[in-house]
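All remarks here apply to the structure that follows.
The values are calculated or read from the model by the stated rules, or taken from the named source; none is laboratory data. Note that the structure is predicted; figures quoted are calculated from it, not measured. Reconstructed Cβ throughout: ideal geometry from the backbone, glycine too, with neighbour counts over all protein chains shown. In case anyone asks, the SASA skips ligands and DNA or RNA and just uses the protein heavy atoms, side chains included. Shrake-Rupley method; radii C 1.70, N 1.55, O 1.52, S 1.80 Å.
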Amino acid sequence: MTEPAAATSTPEPPTDSPPAVAAVIVLAAGSGTRMKSKVSKLLHEVAGRSLVSHAIRSAESISPEHLVAVVGAMREQVESHLAEVAPEVRTVPQTDDAYGTGHAVRCALSGIQQSGIDQSGPGQLSGEVVVLGGDVPMLQQDTLVAMLERHRAEQAKITILTARVPDPTGYGRIIRDTDGHVDRIVEQAQAGPDELAVDEINSSIYVFDAAVLADGLGRITNDNPKGEYYLTDVIGLARADGHTVVAELTTDTWQTEGVNDRIQLAAVHAEMNRRILHRWMAAGVTILDPSSTWIDDQVELTSDVTLHPGTTLKGATVVAEGATIGPDVTLTDCEVGESAVVRRAEAHLAVIGAGAQVGPYSYLRPGTELGARSKVGGFVETKNAKIGDEAKLPHLTYAGDAVIGAGANIGAGVIFANYDGVAKHTTVIGRDAFVGSDSVLVAPRTVADGSYVAAGSTVTADVNPGQLAVARGQQRNISGWVERKRAGTRTAESARRAAEGSAAPTDAPGSTAQQGKEDQ
């Protein structure tokens with residue numbers, strides 16, 4: 001596959017007002033049996049967006065008056081997803097996807113006309129109708145605009161996006177007349193030897209004149225081996241009627257790639273990720289190992305961000321200038337401040353302040369907010385925790401439902417016991433407070449500004465400013481216990497010698513004398 005060096009992953013937001021069209025129809029009714037999934041093919045993701053979401057984004061980039069998605073197999077899943085991510089989209093059911101693409105577009109036009117909201121009146125849709133597949137995630141706005149400009153410049157009734165590919169197997173072939181104009185499209189199953197040798201393929205992305213489209217859909221038949229109504233048959237009818245049909249040939253063949261199985265899904269995902277990385281590196285982001293770095297389409301980065309190997313940035317993650325991420329970091333829907341450092345960590349719905357340090361082996365769960373220059377160190381887990389500027393949780397801590405003041409220090413092995421079996425409760429640690437290692441803070445509790453908790457304490461009462469809380473059992477040393485309870489062990493022997501003040505025998509295991517005996 002080839003593509004322009006500066007190509008972006010998906011359509012960029014328009015800089016000028018894009019050309020408006022009467023309607024865009026997204027074909028999202030296919031069963032996707034080759035995916036072998038209980039999830040609709042249209043909901044499988046590429047770079048953090050569903051396939052159908054990519055298609056809707058492309059459609060919206062040319063400002064259609066009507067945006068319709070034709071749904072069929074697993075329609076409940078697709079409709080629910082579209083209601084969440086694109087509620088402006090009107091869905092129209094195709095009750096039997098075996099009727100083919102022509103029938104699907106007929107259903108869409110009927111849905112638009114029945115709505116009674118088009119400017120020229122019910123049943124009289126006019127203007128340009130763009131048709132595209134719901135499984136072509138890499139289609140870009142610039143390509144759609146070029147199709148529309150060509151369509152208008154040549155006063156065409158149909159414009160087809162085409163591409164030349166090394167292996168056209170499975171695609172409809174573009175058959176041109178002796179003057180080089182599009183004559184018809186022949187499907188693989190109906191093509192003869194000469195037609196099968198043609199390498200220019202139909203992308204199934206079209207611009208139609210609405211009247212010509214409606215007329216053609218009313219005349220096509222299902223007299224073919226599959227018994228389907230082919231949308232491509234409208235092209236032959238239009239040519240027979242003397243209408244102009246043109247082809248917009250793209251050199252970026254990835255934009256025509258549909259996804260029908262997991263192999264194609266992986267290939268398209270890899271190519272889109274490559275383009276996303278290319279775009280960010282061109283914008284001033286350092287990516288040390290592109291082969292192990294994955295960035296979703298919605299992620300926002302700033303210049304002088306550095307991404308180490310094994311970094312995955314997902315969802316709406318935003319990383320500010322000078323931050324260093326990785327190695328081995330996964331961030332989902334996170335905000336990372338300037339000059340922060342995150343290494344060998346995972347975070348979801350977390351805010352990491354400017355200059356903060358996270359990791360290694362930290363887990364920031366939703367609701368975590370780290371202040372400027374704060375630290376969450378090795379094997380620390382946080383959840384719904386607000387950690388103030390310059391506060392530190394260096395290692396081996398669980399902080400759930402916590403508010404930790406600026407400059408506070410939380411020692412190793414501290415547990416914020418936030419759950420009583422029924423409800424969650426909050427613990428508040430004041431400014432510059434110190435919580436000693438291996439303490440348990442039983443929520444709800446307040447450890448006030450400038451107070452201390454002694455190591456090993458189980459805190460069940462509030463600690464006031466300037467106080468030291470000591471909450472642990474008194475230590476007892478029981479003399480002779482090892483001699484009585486562990487007689488005959490190496491520990492008992494060492495205890496006896498230590499009590500007697502004698503050194504270890506020269507023939508003790510591992511000693512120089514013993515080694516000499518073994519050598520003899």
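A few comments on the model shown:
- If only residues of the stretch 441-464 that are over 16 Å from A408 (Cα atoms) and among the β-branched types (V, I, T) are counted, the one that is surrounded by the fewest Cβ atoms within 10 Å (Cβ to Cβ) is T460.
- Candidates are the residues of the stretch 309-352 that are open to solvent by less than 10 Å² (accessible area, probe 1.4 Å) and assigned to a loop (DSSP other than H, G, I, E, B); the one that is farthest from A282 (Cα to Cα) is A350.
- Meets criteria (part of a loop (DSSP other than H, G, I, E, B) and surrounded by 14 or more Cβ atoms within 10 Å (Cβ to Cβ)) for N222: yes
- Filtered residues of the stretch 353-363 (kept if among the aromatic types (F, W, Y) and not in a loop (DSSP other than H, G, I, E, B)): Y363
- Filter pass, Y230 being among the aromatic types (F, W, Y), in contact (Cβ under 8 Å) with a residue 60 or more places away in the chain and open to solvent by 10 Å² or more (accessible area, probe 1.4 Å): yes
- Just one of the listed residues (Q113, Q119) is modelled with pLDDT under 95, over 27 Å from V259 (Cα atoms), surrounded by 13 or more Cβ atoms within 10 Å (Cβ to Cβ) and more than 36 Å from the chain's Cα centre (by Cα), namely Q113.
- Of the residues making up the stretch 133-150, those that are open to solvent by less than 10 Å² (accessible area, probe 1.4 Å) and over 21 Å from the mean Cα position of the chain (by Cα) number 3.
- You will find that of V92, V52, the residue that is among the β-branched types (V, I, T) and within 17 Å of the chain's Cα centre (by Cα) is V52 and no other.
- Number of the exception - A5 against (1) touching an Asp or Glu at 6+ places or on another chain (Cβ under 9 Å); (2) at pLDDT below 95; (3) over 30 Å from S126 (Cβ atoms): (1)
- Among residues of the stretch 51-81, those that are more than 23 Å from Q264 (Cα to Cα) and in a helix (DSSP H, G or I), counted: 4
- So I160, is it out of contact with any Lys or Arg (no Cβ under 6 Å at 6 or more places or on another chain), outside any loop (DSSP other than H, G, I, E, B) and over 26 Å from R57 (Cβ atoms): no
One line per residue, one yes/no per condition, for (1) part of a strand (DSSP E or B); (2) out of contact with any Lys or Arg (no Cβ under 8 Å at 6 or more places or on another chain); (3) modelled with pLDDT under 95; (4) open to solvent by 40 Å² or more (accessible area, probe 1.4 Å):
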{"position": "D167", "(1), (2), (3), (4)": "no, yes, yes, yes"}
{"position": "Y171", "(1), (2), (3), (4)": "no, yes, yes, yes"}
{"position": "T178", "(1), (2), (3), (4)": "no, yes, yes, yes"}
{"position": "I185", "(1), (2), (3), (4)": "yes, no, yes, no"}
{"position": "A189", "(1), (2), (3), (4)": "no, no, yes, yes"}
{"position": "D194", "(1), (2), (3), (4)": "no, yes, yes, yes"}
{"position": "Y206", "(1), (2), (3), (4)": "yes, yes, no, no"}
{"position": "A211", "(1), (2), (3), (4)": "no, yes, no, yes"}
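- Only one of the numbered conditions (1) of a type in the set (K, R); (2) farther than 20 Å from T178 by Cβ; (3) touching a Lys or Arg at 6+ places or on another chain (Cβ under 8 Å) is violated by K226, and that is (3).
- The stretch 252-308, residues that are open to solvent by less than 30 Å² (accessible area, probe 1.4 Å), assigned to a helix (DSSP H, G or I) and over 17 Å from V165 (Cβ atoms): L265, M272, N273, R275, I276, L277, W280
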